Ligand SMILES: Cc1ncc(COP(=O)(O)O)c(C=O)c1O
C-alpha cells in the first residue's frame, strides 16, 4: 500500500479556515501559564541565549521515569531509531504515517503489517498507543507482553505515547522504550516539545535538543502545571466526548475510542475540516477530534447533513 503523507491541523500562515476537526491536539487548548511564560520568555530575550536544559527535570518529575527531551516527538523518533539501529521497521497498520517518513529519512526499510508478531529477528516494531488514527489504548501489561514476545523472536518494540495523557492509561516506560509528544496535551505543536522515556540507548543524545523558549516555558509551568492541565483535560473529555459521539452515532457510524478523537465511517461532511483516511487505505472513513461544545455542535450538524 502506498502511504500518502497528510497532516491534520493548520499552520500559522493560514487564516480564517473552516472549523478544523482534523487537528487532534487538546480540545481545551494550552494551559494558561504556558502562554504567559512564552510571552515572558520573548520579553526577556531568552531566544538570544542557549537553552538551560531545565525542561528535562520538569518532564522527569511529571513522568516519574528518565526523560530525554527533544524538539518534538518526530526528532525523538529519528534519534531513537538511529540509536537502536534496526534491520527493518515494522508498522502495525493503520498507524501514524510519519513512521514511514522517518524510516525513509533514515534509509531503513519498513513494512506495514496487520499483526506486529509478523516481525522477525532484527526488526523494530513502531506503534502509537493510543493509536492514531483509531484512538484505542492498549493496556501496559499487554504492551509488555507484546515486547516479551517480540524479544523472543529477536525483535524489539518502540511505543509512541503521544496521546496517553488523554486517557488514564499507564505508560509502558521504562520497561519498553517510549517516545512522546507534549505538543498534543499542551495544544502547542509549534513549541516542538517531545521526549524519549526510559534509559537512553547509547548515541541517543545529540546536543541542543530543545529551543530556549520551550525550555523556559516548560520549566516555569512545572510538573504540577502539566498535571493540573491533564486533569482538566480528562474531566472535559469525560463530559463532552460521549455527548458528541452519541449524537454522531444517530446519523453515522463512529468507531469506539479511548481518547478525544474518533474515526467515523461514511461520507465526509461538508463545510468543516476533517482528517480523511484514504491516505491510510481506509476509503469512506475520516477522523474527527472534539473541540468546544459550540464547535462540536457545528460538527454534529455537518455530519448529520452529509
Ligand atoms: C502519534 C503521533 N506521534 C508523533 C507526532 C508528532 O509529534 P511532534 O509534533 O511532537 O513531532 C504526532 C503528530 O501528529 C502523532 O500523531
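The values are calculated or read from the model by the stated rules, or taken from the named source; none is laboratory data. Since this is a predicted model, take the numbers as computed values, not measurements. Note: ideal-geometry Cβ built from the backbone for every residue, glycine included; neighbour counts use all protein chains shown.
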Residue 189 is checked against (1) under 14 Å from the mean Cα position of the chain (by Cα); (2) away from the ligand (no atom under 16 Å from the Cβ) and fails just one. What number does that condition carry? (2)
From the set of residues in the stretch 129-155 that are in contact with a helix residue (DSSP H, G or I) (Cβ under 9 Å, 6 or more places away or on another chain) and surrounded by fewer than 19 Cβ atoms within 10 Å (Cβ to Cβ), which is nearest to residue 193 (Cα to Cα)? 138
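Out of 176, 159, report the one residue that is more than 14 Å from the ligand (Cβ to nearest atom) and either at pLDDT below 95 or crowded, with 22+ Cβ neighbours inside 10 Å (or both). Working first, answer last.
Details: 159 fails: more than 14 Å from the ligand (Cβ to nearest atom).
Unique residue meeting the criteria: 176.
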Could we say that residue 64 is at pLDDT below 95, over 19 Å from residue 189 (Cβ atoms), more than 13 Å from the ligand (Cβ to nearest atom) and loosely packed, with under 13 Cβ neighbours inside 10 Å here? no
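Matching residues to (1) closer than 20 Å to residue 209 by Cα; (2) away from the ligand (no atom under 13 Å from the Cβ); (3) assigned to a helix (DSSP H, G or I); (4) not assigned by the TED database to the domain that holds residue 182:
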{"residue": "51", "(1), (2), (3), (4)": "yes, yes, no, no"}
{"residue": "57", "(1), (2), (3), (4)": "yes, yes, yes, no"}
{"residue": "60", "(1), (2), (3), (4)": "yes, yes, yes, no"}
{"residue": "90", "(1), (2), (3), (4)": "no, yes, no, no"}
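Name every residue in the stretch 286-301 that is in a strand (DSSP E or B) and out of contact with any helix residue (DSSP H, G or I) (no Cβ under 8 Å at 6 or more places or on another chain), in order of residue number.
So the first thing to find is which residues in the stretch 286-301 are in a strand (DSSP E or B), and the list is 286-289.
Those that are in a strand (DSSP E or B) and out of contact with any helix residue (DSSP H, G or I) (no Cβ under 8 Å at 6 or more places or on another chain): 286, 287, 289.
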Within the stretch 71-85, can one find any residue that is part of a loop (DSSP other than H, G, I, E, B), more than 17 Å from the chain's Cα centre (by Cα), surrounded by fewer than 22 Cβ atoms within 10 Å (Cβ to Cβ) and in the same structural domain as residue 220 (by the TED database)? yes
Restricting the search to the stretch 45-60, which residues are surrounded by 14 or more Cβ atoms within 10 Å (Cβ to Cβ) and over 17 Å from residue 205 (Cα atoms)? 46, 58
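So, in the stretch 126-183, how many residues would count as being in a loop (DSSP other than H, G, I, E, B), over 24 Å from residue 227 (Cβ atoms) and in contact (Cβ under 8 Å) with a residue 40 or more places away in the chain?
Applying the first criterion (in a loop (DSSP other than H, G, I, E, B)) to the stretch 126-183 yields 129-139, 153-155, 161-163, 167-177, 182-183.
After this cut, where a residue has to be over 24 Å from residue 227 (Cβ atoms) as well, the list is 131, 133-134, 136, 153-155.
Next cut, in contact (Cβ under 8 Å) with a residue 40 or more places away in the chain only: 133-134, 136, 155.
So the answer is 4.
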Can you name every residue in the stretch 16-56 that is under 30 Å from residue 302 (Cα atoms) and in contact with a strand residue (DSSP E or B) (Cβ under 6 Å, 6 or more places away or on another chain)? 18, 20, 21, 22, 24
